[in-house]
Every structure is written in structure tokens, then in C-alpha cells.
Ligand SMILES: Nc1ncnc2c1ncn2[C@@H]1O[C@H](COP(=O)(O)OP(=O)(O)OP(=O)(O)O)[C@@H](O)[C@H]1O
Ligand SMILES: [Mg+2]
């Protein structure tokens, strides 16, 4: 792992049952950068996050967080180290209020005292624009607010690295602008961000580097303009002809 890097995948292979999905995935993310990830449906982007957060165990390869190998750590320990995720399809605890959802992130994710967790939850609710809705049951939220809540709950767990899985998917153009403003502000809050998105135009405005995955591998990674202009990305998205 090179200095300045915070996450590193080294030849990771992983899958579900007999299906092999990640077929030797290697890439590194630098501290403080917004690292975009694109690739065709089913190529393994969300699976990569499952491996990183520890919900899926790789069959081989090594995974590093700073200098530490985390391949064998359970999810809650990775969360306490500083890895927080949002889900592609929002997963709020629907029977609980917005506030309690965020508080859960702080209490269980960060493992702080109840007093500290309450302060953290209130701060994060303000930052994500949910303060007025904190007493509403989360099941009653609109999609945009559920996406905000995903972000809020992850932020409450005190991460250094935030993993965003298609935060803009399913939103209208106006809603996308709102969520983008929120994500754009994450850099100023000093998070490292790994951001998977199909709405590429939206994401490109905010990314430092971009990786394109295909068939469980990193096919190209680097300057977003160069990646988007590459033959391999053109082929993947437009077809050879
Ligand atoms: N829990 C699971 N059990 C079995 N197969 C799964 C599971 N989750 C994902 N898959 C399969 O693994 C492959 C990769 O899925 P993954 O969700 O990582 O793709 P993705 O790149 O995130 O796609 P998308 O852009 O559609 O979100 C797909 O073929 C998918 O059907
Ligand atoms: Mg996905």
C-alpha cells in the first residue's frame, strides 16, 4: 500500500454460492479523494462494497484499510475503524423515527456514549436537511429523504470513508441537484468518498478519479476525463459497433 492511500483491494475474488463475481479486483483509494466507480449492470460494483464492509467474505485476495489488513474483520469492527455505507435501495428501520434511525448509526456504528450519540445525531440531521423531519416515522419519507437518511445514518457512525451506492438513482432532475449539493459538501467535511453512480454526468462534476469495472475487474482507473474518453469505456457503454 502506498503512502496517502486509505483503502486497497489486492486481487480480490468473491462471489455468491457458485457464481464468481469479483474476478481479481485490484484498486486503491487515496485519503480525501472522491473516487467514482462506474460499470455495466451486474459487473460487481455493489459486491465490491459488500466485500469492503465485510458482509461478503472474499475467497482470495487481500483488503487493506490504511496499513492494516482488514480481510478477516467483522463488519462492525470495520465500521468502528471508519467505513460507513449507504445502500443502493434505502434500508431505513421503517418502524423507527428518522431521529432514532440516525441515533442507531451513532450508538452502534461509532460505539459512543448516549450523550455523545445524541449530539452527533442532531448535528448530522441538520447537515443532511432532515432536522424538521426527525420525529417522522422513516417509513413515511419520500425517496429523496430516504436517500438523505441513508447518508445521515452512515455519517452518524463517524466514518472516515463514506461508501455511496447510487445515491442519485430514481430521483427527478431537481431532486438529483439537491442530493448532489449534499454529496458535493462531503469533500469539505473531509471524508474520503467511494461513489458508485449510473448518472455519470452528475457524478463526474465531483470526482477526483474514476474507475470503470467490467466483469468483476478494474478495467481502467484514473483521471475522469481520460477514463470517459477511453476506447474501453466507449465499447462497454456503446458497444463495439
Ligand atoms: N445476494 C446475492 N446472491 C446471489 N447473487 C447476487 C447477490 N447480489 C448480487 N448478485 C449477483 O451478482 C452480480 C453482481 O451484482 P452487483 O449487485 O454487485 O452488480 P452492480 O454492478 O452493483 O449492478 P447494478 O449497476 O445493477 O447495481 C449480479 O449478477 C447479481 O445478480
Ligand atoms: Mg449495484
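The values are calculated or read from the model by the stated rules, or taken from the named source; none is laboratory data. Note that the structure is a prediction, hence the values are computed from the model and not measured. Neighbour counts run over all protein chains shown; Cβ positions are idealised from the backbone, glycine included.
Numbers below:
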item	result
Unmet criterion (only one of (1) crowded, with 20+ Cβ neighbours inside 10 Å; (2) within 12 Å of residue 161 (Cβ to Cβ)) for residue 25	(2)
Residue satisfying all of: in the stretch 159-170; more than 16 Å from ligand 2 (Cβ to nearest atom) and assigned to a loop (DSSP other than H, G, I, E, B); farthest from residue 31 (Cα to Cα) among these	159
Pairs with Cβ under 6 Å, 6+ apart, first in the stretch 11-29 and touching a residue at least 60 places away in the same chain (Cβ under 8 Å), second part of a strand (DSSP E or B) and within 8 Å of ligand 1 (Cβ to nearest atom)	21/15
In the stretch 105-120, the residues that are part of a helix (DSSP H, G or I) and either surrounded by fewer than 18 Cβ atoms within 10 Å (Cβ to Cβ) or modelled with pLDDT of 95 or more (or both)	108, 114, 115, 116, 118, 119
Helices (runs of 4 or more DSSP H) enclosed by the stretch 184-241 - at least 3 residues per element that are modelled with pLDDT under 95 and surrounded by 14 or more Cβ atoms within 10 Å (Cβ to Cβ)	200-204
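Quick grid of which residues meet (1) outside any loop (DSSP other than H, G, I, E, B); (2) more than 14 Å from ligand 2 (Cβ to nearest atom):
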position	(1), (2)
35	yes, yes
48	yes, no
52	yes, no
63	yes, yes
88	no, no
91	no, no
